[in-house]
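Let me begin by presenting the structure, written as structure tokens, before commenting on it.
Computed from the coordinates by the stated procedures, all read-outs in this text should not be read as laboratory data. Computed from a predicted structure; not experimentally measured. Cβ placement follows ideal geometry from the backbone for every residue including glycine, while neighbour counts extend to all protein chains displayed.
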């Protein structure tokens, strides 16, 4: 089946630094990828929709300058958390649509100290 | 407004029993898809079952079945013969219209006891 590889699986960074999270579709081309954020014991909240070769579409309330999304190829989308702060600590997970299904990456647990 | 509601924050079930997890939705779009995902403590999202709004029959996948009642706008997940490994968070999710993103309900935490 379709596989989306997400790296890193966890990262600890200092406040003020930037962190890049990658999602790769391994055996299919993902023209669209979605980025979600999940706080402990809460649901997945859609942050943005990433389209290959064009600007991402951000959900209301998501700072586009803070969460930079790049989808430069049909198999790779990246999320960069810029100038991270402790309140950005969360679980970030990507998803790609493939035919009629959605495949998820394994998620990235970000801790900002 | 489109909305997905899971009203059961937590559920308990005894091993080998069946359990129903509730999901209701609200949309004015006639074309939509309903999904259920399982999320164990590791965080991965495991696809369980899908129901399209035009599907005539209720979806089934092994021990999982979806009780789709279109008029009531409900899409409850039924897990038969619960196993200890079924303990996890369960999310109902939906796509609608021309939108492609999955939107999730708040989830139900299921605990299967021996």
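Look at the stretch A:105-111: the mean tally of other chain Cβ atoms within 10 Å of its residues' Cβ atoms is 2.
Peptide B:104-111 has a mean of 2 when you count, residue by residue, the C-beta atoms of other protein chains within 10 Å of its C-beta.
The mean of 1/r over all distinct Cα pairs in chain B, once inverted, gives the Kirkwood hydrodynamic radius of 14.2 Å. Considering the protein assembly as shown, its Cα convex hull presents a mean projected area of 12.6 nm². Take each residue of peptide B:86-93, count the partner chain Cβ atoms within 10 Å of its Cβ, and average: the result is 1.
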